[in-house]
Amino acid sequence: MANTSHPSSNVSEPAHSDTAPRGLPRLLFIAILAAVVGLFLLARGPVWRDPWNADLFDSAIFWSYLPIPVLVGAGLLFFKRFSWRFLFLESLAITLLKYGITFSIAIALWASKGPPAKPTTAASAPRPTPVESPLPPPTPIAKENTGAVFGMVKFPSKEAVPSALVYISAGLETFVFAPPTEPLKIENDGRKVHMQAPPPHWPAHVVTVRTGQKLLGRSLDAHLHTLVATGGSSGTTFNVPMMSSGAWSEVILREPARPSRLRCTVHPDAEEPAYLVVLDHPYFTATDTTGAFKIEGIPSKKITLTTWHPTFGETSSDVTVTNGGNTAVDLTIPQPTP
């Protein structure tokens, strides 16, 4: 009887699976991730004992990342799934997950431990405290040798400009004025930087401080902020943290500076703009609701009077102050564009 079966029917075809395993088994993936996180925590001793030790943290980070490709490669070879593609993808996935976990741990440790205390070394001889050069004595100014300036700040249309800063920008370079003993306090509420107790009619978001005066800043919303001032004609720059705890941070400015930008580098786009003006004399004020101002007790001489508004810009005028006189001057700020 003829064999009607096809000759190829006796040859078994290789089995194909649409669910062929790829990469590391899930349990091994989790085990390697747990192992490298454990290395971060324990490789150089428990990191939670001294979370502010930068050398310890850097070393723990290095030793926790180093074995990732080795462990992944060994696991792929053991399960006969090795390929360079899987080695790269699985190592990358574990690296990213490990980074997120260890970064969260570090943030939690830093927040709970607080900054480290300054070390004390009783055995060593105490270092001498740095002594700053004493400030020169204030210039004596007799009352009879002073005068006042008063006037209005307005637009070319004669409309008054309220809450504009008016100050002497030149003419007092030969005088020395004692800085205020009271600090100037400013706060960040998460939306803006503002003076704690601004004078009446003071321009919003404008901080005016004297040279040599303590400037104290703090956060009100339990978030970390920075107080950064850059720019100005003198290039004055500082960067001071405003701690989430609400503790005051301090800075003292030694050089005067024209209006410059105040900003927070942590939340650069979430806060309203603010500005800083540093003056080395007490002759400044703000216009009232009618645009009027008056500054008294100015030494009798020729000065430059400047008005500045954070929205409309500035303008200046030379004025001669006379003994016991009241000198009138009107300052015109460019008309705002509609």
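Scanning the range 183-233 for residues that are in contact (Cβ under 8 Å) with a residue 40 or more places away in the chain and among the small types (G, A, S) yields a count of 5.
Okay, residues lined up against (1) surrounded by fewer than 18 Cβ atoms within 10 Å (Cβ to Cβ); (2) within 30 Å of K301 (Cα to Cα); (3) not aromatic (F, W, Y):
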position	(1), (2), (3)
G190	yes, no, yes
V207	no, yes, yes
N239	yes, no, yes
G246	yes, no, yes
I252	yes, yes, yes
P256	no, yes, yes
V278	no, yes, yes
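Among the residues of the range 299-338, those that are under 20 Å from V206 (Cβ atoms), in contact with a strand residue (DSSP E or B) (Cβ under 8 Å, 6 or more places away or on another chain) and not in a strand (DSSP E or B) comprise P310, I333, P334. In the set (1) farther than 23 Å from F175 by Cα; (2) among the acidic types (D, E); (3) surrounded by fewer than 17 Cβ atoms within 10 Å (Cβ to Cβ), E296 fails one condition alone, (1). Of all residues in the range 130-144, none that is of a type in the set (D, E, K, R) has its Cβ atom under 6 Å from the Cβ atom of a residue that is modelled with pLDDT of 90 or more and surrounded by fewer than 10 Cβ atoms within 10 Å (Cβ to Cβ), 6 or more apart or on another chain. Does T121 satisfy the criteria of being at pLDDT 90 or above, in a loop (DSSP other than H, G, I, E, B) and exposed (fewer than 13 other Cβ atoms within 10 Å of the Cβ)? So T121 does not fit the description; no. The listed residues are A197, A222, A229, and the only one of them that is surrounded by fewer than 18 Cβ atoms within 10 Å (Cβ to Cβ), among the aliphatic types (A, V, I, L, M) and touching a Ser or Thr at 6+ places or on another chain (Cβ under 9 Å) turns out to be A222.
Inside the range 315-338, residues that are within 21 Å of T208 (Cβ to Cβ) and either of a type in the set (K, R) or surrounded by fewer than 19 Cβ atoms within 10 Å (Cβ to Cβ) (or both) make up a count of 4. Every condition in (1) crowded, with 16+ Cβ neighbours inside 10 Å; (2) over 15 Å from the mean Cα position of the chain (by Cα); (3) over 22 Å from P299 (Cβ atoms) holds for I186 except the one numbered (2).
Taken over the range 69-108, the criterion of being among the basic types (K, R) and under 23 Å from S59 (Cα atoms) is satisfied by K98 alone. The set of residues in the range 144-180 that are in a strand (DSSP E or B) and polar (S, T, N, Q) comprises T146, S169. Looking only at the range 299-328, which residues are among the hydroxyl-bearing types (S, T, Y) and farther than 14 Å from L172 by Cα? Across the range 299-328, the qualifying residues are T307, T311, T315, S316, S317, T322, T327.
Each row is one residue, and each column tells you yes or no for (1) at pLDDT 85 or above; (2) under 25 Å from T181 (Cα atoms).
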| position | (1), (2) |
| --- | --- |
| Q196 | no, yes |
| V209 | yes, yes |
| S219 | yes, yes |
| L227 | no, yes |
| S234 | no, yes |
| S245 | no, no |
| H267 | no, no |
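Within the range 67-99, the only residue that satisfies the criterion of being under 19 Å from L42 (Cβ atoms) and surrounded by fewer than 13 Cβ atoms within 10 Å (Cβ to Cβ) is V70. Taking the range 254-273 on its own, how many of its residues are in a loop (DSSP other than H, G, I, E, B) and not hydroxyl-bearing (S, T, Y)? Residues in the range 254-273 being in a loop (DSSP other than H, G, I, E, B) and not hydroxyl-bearing (S, T, Y): 12 in total.
The values are calculated or read from the model by the stated rules, or taken from the named source; none is laboratory data. Because the structure is predicted, anything quoted here is derived from the model rather than measured. Methodologically, a virtual Cβ is constructed for each residue, glycine included, from the backbone with ideal geometry; neighbour enumeration extends over all protein chains shown.
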